[in-house]
1. Averaged per residue, what accessible area in Å² does region 66-155 show with a 1.4 Å probe, protein chains only?
2. Can you send over the carbon and sulfur percentage of the accessible area for region 24-155, probe radius 1.4 Å, protein chains only?
3. Which one of GLN101, GLY112, ILE135 is farthest out on the positive end of the charge dipole of region 48-145, using unit charges on Cβ (Lys, Arg +1; Asp, Glu -1) and the Cα centre as origin?
4. Within region 106-143, name every residue whose backbone N is under 20 Å away from a label modeled 7 Å from Cα of ALA65 along the Cβ vector.
5. In terms of the Cα gyration tensor, with a ≥ b ≥ c the square roots of its eigenvalues, is region 40-155 rounded because a/c is under 1.5, prolate because a/b exceeds b/c, or oblate?
6. Please report the relative contact order for region 33-155, taking Cα pairs under 8 Å with a sequence separation of at least 6, and give it as a percent rounded to a whole number.
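The values are calculated or read from the model by the stated rules, or taken from the named source; none is laboratory data. As the structure is a prediction and not an experimental result, all values here were calculated from the model. Note that each Cβ is placed from the backbone with ideal geometry, even for glycine, and that neighbours are counted across all protein chains shown. Just so you know, the surface numbers come from the protein's heavy atoms only, side chains and all, with ligands and any DNA or RNA stripped out. Shrake-Rupley method; radii C 1.70, N 1.55, O 1.52, S 1.80 Å.
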Amino acid sequence: MKHSSCVTGIGLMGFCVLALVSASSAQTRPPIFDKMAKTYGLDSWNQIEAIRYTWNLQLGKLNIARSWEWEPKTTQVTYEGKDKDGQPVKVTYKRSDLASQSDMVKNELDPGFINDNYTLLFPLKAYWDSSPAVIDAGMFNLPAGSGSAELVAVK
């Protein structure tokens, strides 16, 4: 019986240490992060029916444009642009049913959607994801022009 109670005691002590480490590492986000998410429409997100946006990239003679329409409630995405061969493409798919989509949608279009969507909605995506560390670094001069702004770093 001594061995059993010793193992139980060690297990309980290990659990307590793990709980203390978890509690001490739980991050408290700075108030500016909540303010930033609210500025980007956090409180109105449930009213969004669809978002339409186009990404344009110009590098020398290279011009890339991809247009998206996303319905967050239904997970429907419509892509309009060109395929990897430069041919015009218009595809509509549901992200909730991605497994049944073509390889082009799974391996080319949807990763592009995720990238463009995350970039467009970065403050909201970072807010919804509890894992990033958020630091209020204070006021800094703007890199271009005059003025200053509060720097919020997300890692």
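1. For region 66-155, the solvent-accessible area averages 62 Å² per residue.
2. Solvent-exposed carbon and sulfur of region 24-155 make up 52 percent of the total.
3. Positive-most Cα among the choices belongs to GLY112.
4. It comes to 109, 112-113, 116-117, 120, nothing else.
5. It is oblate, given that a/c is not under 1.5 and a/b is not larger than b/c.
6. 17
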